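Colleague: Dumping the structure here so I can ask a few things about it.
The values are calculated or read from the model by the stated rules, or taken from the named source; none is laboratory data. Given the structure is predicted, the values throughout are model-derived calculations rather than measurements. Reconstructed Cβ throughout: ideal geometry from the backbone, glycine too, with neighbour counts over all protein chains shown. To get the accessible areas, we keep the full protein, side chains included, count just its heavy atoms, and leave off ligands, DNA and RNA. Shrake-Rupley method; radii C 1.70, N 1.55, O 1.52, S 1.80 Å.
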Amino acid sequence: MKCQKCGKDHANTHVKTIINGDYKEYVLCADCAKEMGYGNIFGNMQQEFSNMLGSFFGNTLPAVSQATHCPSCGSTYYDIADSGKVGCADCYSTFYDLLLPSIRRMHGNTTHCGKKSVAGIEYTETQPKKVSKLENLKAELDKAVKAQNFEEAAKLRDEIKELEKNNG
Amino acid sequence: MDNNVVISTRVRLARNLKNYPFPYKLNEKGRAEVNEKVKDALKNGNSAIAKDFQYINFDNMTDSMKVSLVEKHLVSPEFISNTKGRALLMLNNPTVGLMLNEEDHIRLQVIEKGFCLDRVYDLADKIDTLLDERLNFAFDEKLGYLTQCPTNLGTGMRASVMLHLPALKQSGAMSMIASNLSKLGITIRGLYGEGSASEGAIYQLSNQVSLGISEKSAIQNLKNITEQLVNQEVMQRERLVKSIDARDKIMRSLGILKTALTISHKEAVGLLSNVRLGICSGLIKDITIDKINEIITEIQPATLMVTVGKPMSPKERDICRADYIREALN
Ligand SMILES: [Zn+2]
Ligand SMILES: [Zn+2]
């Protein structure tokens, strides 16, 4: 794609913005995007940051032989690098080693520090949260069964089993 | 230390449900399910605040109404680029918004007037915990909250403050400040206008990194840097308003705003910024800061059209904007 500012090839940053009361979309090359201040935005003129990742990942594309599909959403590493968007939570474990260098470059760090979701907390006597989560899942299961939503019910049953296994 | 340099404070958290692909890979049926799950979780939450959320329907909205929500920072441009399968849950006073199926399944945001990072984060944290107990979030011990874009991994948090820095801007120090801040993991950008050239000298300061730094540390960091910038701005202001030329500019700006018959958004924002500086420095006494903040919000192009209730050409808008400002200031 051609950059709408300088006309050069390899425009990969899709900017979605509001100009004088109207919604506008345009495509820029990495240089022009940076120059116009779309490199690090949050808020009013939030752009699709992610597309910049395309160029981020560009140098680390693996040999074709390494490419596999994410078992959950079917994304390949190439899909992720190309779009700058990760397909699902499982993509992170599937392509962990491949994603890590880019993650390190972005954050200067690769290990989380801070709040933990109850989904990530090991169950202990002093942390009864997980029990309430289990109860919630069971209530949801009841609801799904009553609504004859069996696909959902099966999913919930698996989740409950796994939680009970971890707790027990 | 109430010097009105900080206009508002905002905290945003990105969250996703474990059992659904991220929005970009999620079909219409999946998106609808995610919307319902989050709505349910909020409704059944054991918190008074959760029950007051309103579901905003975008189906019958005009383009101006959508853009106006962006102008007021309630949704992102990305969100309105295609509202199909997306939803907005909102609460007023304090302003809380949940964008569903935008870049992540959930983008929770809390905004308040003034400089109040701790309070804003606490509320966002409370609502997040409430959702966490009822939804199965995508979370990894190593990478933290998993997000569609890896730039948000870790805490998924972006905390920011909106600052009015007319004196620092005039001193020509902004680009140097911006490059120094980026070394500290902080981003600064102009709110109106592109890049660092900010019409109205309104800037947004936010944390850049979300992985490997806790919410508390990131907020403390942002707080420290904001305080330093505020101090510098206050010092520069004292120096600036000693000059007759600067005071003249402020008073002339007020004169134009009180008398103009037609005015562009760009010009109005620049003049309002001067007047705001005049109020903060004690040169203008009969107008409040709140009034100026309100005018700055209301005169934005789409918001103006929503208030008037009809589409207008740019020329008509400029006339309408001048009318609104004259009435508000006289
Ligand atoms: Zn270009
Ligand atoms: Zn996947």
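Colleague: Applying the selection to the stretch B:9-21, what residues are within 15 Å of B:LEU135 (Cβ to Cβ) and open to solvent by less than 40 Å² (accessible area, probe 1.4 Å)?
Modeller: Across the stretch B:9-21, the qualifying residues are B:LEU13, B:ALA14, B:ARG15, B:ASN16, B:LEU17, B:TYR20.
Colleague: Further question on the same structure: Name the single residue, out of those in the stretch B:193-224 being closer than 19 Å to B:ALA173 by Cβ and surrounded by fewer than 20 Cβ atoms within 10 Å (Cβ to Cβ), that is modelled with the highest pLDDT.
Modeller: This residue is B:ASN224.
Colleague: Look through B:THR62, B:THR151, B:THR83, B:THR129 and report the one residue that is surrounded by 22 or more Cβ atoms within 10 Å (Cβ to Cβ) and more than 18 Å from the chain's Cα centre (by Cα).
Modeller: Only one candidate passes the filter, namely B:THR151.
Colleague: Next question, about the same structure. What residue, among those in the stretch A:77-114 that are of a type in the set (Phe, Trp, Tyr) and more than 7 Å from chain B (Cβ to nearest Cβ), is farthest from ligand 1 (Cβ to nearest atom)?
Modeller: A:TYR96
This table checks each residue for (1) modelled with pLDDT under 90; (2) touching a helix residue (DSSP H, G or I) at 6+ places or on another chain (Cβ under 9 Å).
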| residue | (1), (2) |
| --- | --- |
| A:PRO71 | no, yes |
| A:CYS88 | no, yes |
| A:TYR96 | no, no |
| A:ILE103 | no, yes |
| A:MET106 | yes, yes |
| A:CYS113 | no, yes |
| A:LEU141 | yes, yes |
| A:GLU162 | yes, no |
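Colleague: Let me ask something else. What is the one condition in (1) open to solvent by less than 10 Å² (accessible area, probe 1.4 Å); (2) out of contact with any Leu (no Cβ under 8 Å at 6 or more places or on another chain); (3) of a type in the set (A, V, I, L, M) that B:ALA260 does not satisfy?
Modeller: Of everything listed in (1) open to solvent by less than 10 Å² (accessible area, probe 1.4 Å); (2) out of contact with any Leu (no Cβ under 8 Å at 6 or more places or on another chain); (3) of a type in the set (A, V, I, L, M), B:ALA260 misses just condition (1).
Colleague: Do you know which residues across the stretch B:288-330 are outside any helix (DSSP H, G or I), more than 14 Å from chain A (Cβ to nearest Cβ) and touching a Lys or Arg at 6+ places or on another chain (Cβ under 9 Å)?
Modeller: B:ASN330
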